[in-house]
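Shown next, in structure tokens, is the structure this report addresses.
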Amino acid sequence: MKKMMKKLALAVACVTTVAMFAACGGKEEENVIKFGTNAEFPPFEFVAANGVIGEYDGIDMAIAKQIGDEIGKTAQIENMEFDSLLLALQNGQVDAVIAGMTIDPERAEEVNFSVPYYTAKQVMIVKEDSTIAKATDMADKKIVVIQGYTGESCVKDMGYAYEAFKKGSEAIMELVNGKCDVVVIDSATAQKYVGDNEGLKIVEDAEAFSSEEYGIAVNKKNTELLEQINDILTKMKNDGTINELSAKYSEQ
Ligand code: ARG
């Protein structure tokens, strides 16, 4: 009996060690590439029943999946608040950030950005009967932005008062419910929201909002991964994959 107990204890210890090894970053982790995102940004990232990576779907998620495939690793998604993404990257909690993130000089001080893969701009979403026709018309209106998005910096730079929400969907609800007059957000996401909600329209102002480019962010120390990502993105741009993905997810 004693002997059997000893054997059992040994077996349990072995199993525990193996499990711990895997969980603490043993072999298994080497085959994973972790992408941080904020899955509140259709058509780039959103939660769906059957996503391209688990429950995550969208243009960025398809790009992340392909990057994983091409470097021979399984792409995993860590979904978090948009504001936490660059910190998570610097902490090593994720290997890269793919989140429709605009390449801007302030962020580029903290992390490295890949080659750009998508061009966007800020637009205004208003009710169909709104009189807002250009950015300066927002001056005396109730403006809503999303916290930490470039849209927030744009409105801040214009010197207008605004309220910031954590999610685009919450901002749109404010507008739909008549609690604000305008939401400033990236163009493709705006198009999604206007398509999904009755009575809204998009107002553009090319003079007020310059174009922005999205890039994948990588830790400054990880130049090898940055090069790999740049090669894959360049290929995906040149062979039309990114255009196809944009068209596919924008139509949905
Ligand atoms: N392009 C904007 C920015 O970089 C918004 C990005 C929001 N992305 C997201 N996954 N929630 O600030």
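The values are calculated or read from the model by the stated rules, or taken from the named source; none is laboratory data. Just so it is clear, the structure is predicted and the values come from calculations on it, not from any experiment. FYI the Cβ positions are ideal-geometry reconstructions off the backbone, even for glycines, and counts take in every protein chain you see.
A few notes on this one:
- Members of segment 169-201 that are closer than 17 Å to Glu251 by Cα, of a type outside the set (D, E, K, R) and not in a loop (DSSP other than H, G, I, E, B): Ser187, Ala188, Thr189, Ala190, Gln191, Tyr193, Val194, Gly195
- Number of positions in segment 112-124 that are hydroxyl-bearing (Ser, Thr, Tyr) and surrounded by fewer than 20 Cβ atoms within 10 Å (Cβ to Cβ): 1
- A single member of Ala190, Ala108 is within 19 Å of Glu45 (Cα to Cα) and out of contact with any helix residue (DSSP H, G or I) (no Cβ under 6 Å at 6 or more places or on another chain), and it is Ala190.
- Residue count for segment 133-146 satisfying the condition of being more than 16 Å from Leu175 (Cα to Cα) and touching a residue at least 12 places away in the same chain (Cβ under 8 Å): 5.
- In segment 130-147, the qualifying residues are those that are hydrophobic (A, V, I, L, M, F, W, C) and closer than 28 Å to Val47 by Cα, and the one that is nearest to the ligand (Cβ to nearest atom) is Ile146.
- Residues within segment 148-163 that are aromatic (Phe, Trp, Tyr) and within 16 Å of the ligand (Cβ to nearest atom), tallied: 2
- When Val126, Val97 are checked against the criterion of being hydrophobic (A, V, I, L, M, F, W, C), in contact (Cβ under 8 Å) with a residue 60 or more places away in the chain and more than 25 Å from Asn197 (Cα to Cα), Val97 stands alone in meeting it.
- Cβ-Cβ contacts under 7 Å between residues 6 or more apart (or on different chains), taken from a first residue in segment 108-122 that is closer than 18 Å to Ser250 by Cβ and touching a residue at least 40 places away in the same chain (Cβ under 8 Å) to a second residue that is within 11 Å of the ligand (Cβ to nearest atom) and part of a helix (DSSP H, G or I), are listed as Ala120/Ser187; Ala120/Ala188; Lys121/Ser187; Gln122/Thr150; Gln122/Gly151; Gln122/Cys154.
- Residues of segment 218-252 that turn out to be in contact with a helix residue (DSSP H, G or I) (Cβ under 8 Å, 6 or more places away or on another chain), of a type in the set (Ser, Thr, Tyr) and at pLDDT 95 or above, as a count: 3
- Residue selected from segment 35-49 under the condition without any contact (Cβ under 8 Å) to a residue 40 or more places away in the chain and in a strand (DSSP E or B), by the criterion nearest to the ligand (Cβ to nearest atom): Phe46
- Residue satisfying all of: in segment 78-111; polar (S, T, N, Q) and surrounded by fewer than 21 Cβ atoms within 10 Å (Cβ to Cβ); farthest from the ligand (Cβ to nearest atom) among these: Asn91
- Summed over segment 64-77, residues that are away from the ligand (no atom under 13 Å from the Cβ), in a helix (DSSP H, G or I) and closer than 25 Å to Ala48 by Cα total 6.
- Cross-chain or 6+ apart pairs with Cβ under 7 Å, segment 182-204 first and farther than 23 Å from Ile59 by Cα, then of a type in the set (Lys, Arg): Val182/Lys141; Gly199/Lys127; Leu200/Lys127
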